[in-house]
Amino acid sequence: MQTDSLSPSPNPVSPVPLNNPTSAPRYGTVIPNRIFVGGIDFKTNESDLRKFFSQYGSVKEVKIVNDRAGVSKGYGFVTFETQEDAQKILQEAEKLNYKDKKLNIGPAIRKQQVGIPRSSIMPAAGTMYLTTSTGYPYTYHNGVAYFHTPEVTSVPPPWPNFQHCVE
């Protein structure tokens, strides 16, 4: 994980906020010669993507993200030899279709958590405060994960309230 400071910088690798309302604020660093590719058909493999993007520049690496079962999550990353090739694709992103499907192209951003010092993640009591990959917070204590749900307005149960009778 990258630990650069989050101060503004004139160089092309700069921190940018990620818009994800369901999680704590996250920031990331733009990877200048890499692009995010979403909307990939599940039958598409890395070789297919490499061939497609090679017509736009020199492709260094292609990575389709898979779940634990090895099934494509429908997105991935293409790394070009040069930043210029990646920028060229980003400018043409609206026009890119692959197998009659519009691709969702954007800058590749390496996520980083901010605001939690590393030492506070593992307190002495053995309780860990974590977030899932989708940004939902949970606590891990004594081998049990406790998921925190957002506060919602209470809905009255469909049965009458007999709490006053219970002692």
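What follows draws every value from the coordinates through simple rules; no lab data is involved. What you see is a predicted model; the values in this text were computed from it and never measured. Using ideal geometry, Cβ is built from the backbone for each residue, glycine included, and neighbour counts are taken over all protein chains shown.
Once the piece of chain linking residue 77 and residue 93 is laid out straight, how much longer is it, given 0.36 nm per residue of separation minus the C-alpha distance between them? Before the final figure, lay out the partial values.
Working: separation 16, 0.36 × 16 = 5.76 nm, distance 1.39 nm.
Result for the pair: 4.4 nm of gain on full extension.
Ordered by residue, what ³J(HN,Hα) values in Hz, to whole numbers, does the range 68-83 give under the Karplus form 6.51 cos²θ - 1.76 cosθ + 1.60, where θ = phi - 60° and Gly and Pro are x?
4, 7, x, 8, 4, 8, x, 8, x, 9, 10, 9, 9, 5, 10, 5
Counting C-alpha atoms alone, how compact is the range 39-94: give Rg to one decimal and Dmax as a whole number, in angstrom.
When restricted to Cα atoms, the range 39-94 yields Rg and Dmax of 11.7, 35 Å.
Can you check what the Kirkwood hydrodynamic radius comes to for the range 15-113, Cα pairs only, in Å to one decimal?
14.1
Sort 80, 52 so the one with the fewest other Cβ atoms within 10 Å of its own Cβ comes first.
Numbers: 80 23, 52 19.
Ranked by crowding around the Cβ, least crowded first: 52, 80.
Using only alpha carbon pairs under 8 Å that are at least six residues apart, calculate the relative contact order of the range 15-113 and give it in whole percent.
Normalised by residue count, the contact order of the range 15-113 is 38 percent.
When 105, 89 are ordered from fewest to most other Cβ atoms inside 10 Å of their Cβ, what list results?
Lowest to highest Cβ neighbour count: 89, 105.
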